[in-house]
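**Q** Can you read through this structure? Questions will come right after.
Quick note: the coordinates plus some simple rules give every number you see, no bench work behind them. As the structure is a computational prediction, the values presented were derived from the model and not from experiment. In this analysis, Cβ positions are derived from the backbone assuming ideal geometry, glycine residues included, and neighbour counts consider all displayed protein chains.
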Amino acid sequence: MGPLRSAGRGDSFVHPGSHRGVNPDPVSVGAGAWPDPESRWGLGEVALGIVASQVLLLVAQVVVFGLAGWTSVEEVPLWATAVLQIPLWAGWIAALAVAGSKGHGVVREFGFTIRGIDVPIGLGVGLGVQFIVVPLIYWPLLSILGRTQDDLAEPARNLADKASGAAGWVLLGLVVVVGAPVVEELFYRGLLLGALRKRRWPAVIAAAVSGAVFAAMHFQPLQFPGLFVLGTILALLVLRTGRLGSAIVAHATFNAVTVVALLSA
């Protein structure tokens, strides 16, 4: 399925190589003022992206299902599942483009950069969330809900079942490990999180809201707690570093563990 950090006009920021300026919000100390308070994008573009992505996805599903004669999701092959990500991502990308045009472009507005240090940080966070945080969340939760690990893994397993041969697994990897982390971090941690910070929402609350929307938009109730925690942690990474790099790597690592586990099984 990240970018920068900042607050409003009255804050000072600590820049790399400089000891001047004190930011009263320790969560959002990073590289430069983000989001730019002068840029004119905000929650309107977030709403545009959510609505556009769902409308485009619905239209694409109606057309593709009609042409192929499919009557249920179970009949959809992996290649079609991958293709149907395009209209979903297109809605988000359109919103990002609109927002970027109102500022300094997508790269600068949403911290779409990566540095060398982001790789080990992202790897560590992604592995930590997958192997430590998520199990701790679901250890009591599954028992309370009367569910099992098989129930939790079902969506990913259903997707993997559609993969046949090397080409299918490569396609699955491209969608889950490459495409989703980049596009989702740009939208949920770049655009949404940035829009909340532009409205001067406290960093931790903005991160939690970003995580909640990210989790809710997956439409998987049992997976919501884990996705919420993942999304919130990724948002805090973005607020701390001032860019999406480490969040994208962490997101990709988290997803890659699932793909490798399914392939091994």
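**Q** Looking at Phe187, Pro37, Ala212, which one has the Cα that reaches farthest to the positive end of the dipole of the chain (charges on Cβ: Lys, Arg +1; Asp, Glu -1)?
**A** Final value for the positive-end residue is Pro37.
**Q** Local charge sum around Arg157 (other residues, Cβ-Cβ under 13 Å, Lys/Arg +1, Asp/Glu -1)?
**A** For residues surrounding Arg157, the net value is -4.
**Q** Now for a different question. Tell me which trypsin sites (Lys or Arg not before Pro) from the range 129-221 have a DSSP coil assignment and no more than 15 other beta carbons within 10 Å of their own.
**A** Sparse-neighbourhood loop trypsin sites (Lys or Arg not before Pro): Arg147, Arg199, Arg200.
**Q** What does the charge dipole of the chain about its Cα centre add up to, to the nearest 20 debye, if the Cβ of each Lys and Arg holds +1 and the Cβ of each Asp and Glu holds -1?
**A** That gives the chain a dipole magnitude of about 920 debye.
**Q** Counting only the backbone N, which residues of the range 246-265 are under 19 Å from the spot 7 Å out from the Cα of Trp169 toward its beta-carbon?
**A** Under cut-off, by backbone N: 253-265.
**Q** Sticking with this structure for a sec: Counting other Cβ atoms within 10 Å, keep those with at most 11, restrict to DSSP loop, and tell me which chymotrypsin sites (Phe, Trp or Tyr not before Pro) in the range 141-238 are left.
**A** Phe219
**Q** With point charges of +1 on the Cβ of Lys and Arg and -1 on the Cβ of Asp and Glu, referenced to the Cα centre of the chain, which listed residue (Pro225, Val106, Pro202) lies farthest in the positive direction of the dipole?
**A** Pro202
**Q** Sticking with this one: Given H placed on each backbone N at 1.01 Å, which residues far from Arg147 in sequence or on other chains put an amide H within less than 5 Å of it?
**A** none
**Q** Determine the sum of side-chain charges near Leu96: Lys and Arg each +1, Asp and Glu each -1, restricted to other residues whose C-beta is under 12 angstrom from that of Leu96.
**A** -2
**Q** Under the classification rounded if a/c is under 1.5, otherwise prolate if a/b is larger than b/c and oblate if not, where does the range 26-264 fall, given a ≥ b ≥ c as square roots of the Cα gyration tensor eigenvalues?
**A** oblate
**Q** Output wanted: per-residue J couplings in Hz (rounded whole) for the range 77-82, from phi through Karplus 6.51 cos²θ - 1.76 cosθ + 1.60, θ = phi - 60°, x for Gly and Pro.
**A** x, 4, 4, 6, 4, 5
**Q** So, with +1 on the Cβ of K and R and -1 on the Cβ of D and E, and no other charges, what is the size of the charge dipole of the range 79-231 about its Cα centre, to the nearest 20 debye?
**A** Computed about the Cα centre, the dipole is about 660 debye.
**Q** Compute for the range 170-265: radius of gyration divided by Kirkwood radius, i.e. Rg/Rh, restricted to C-alpha atoms, rounded to two decimals.
**A** Rounded to two decimals, Rg over Rh is 0.99.
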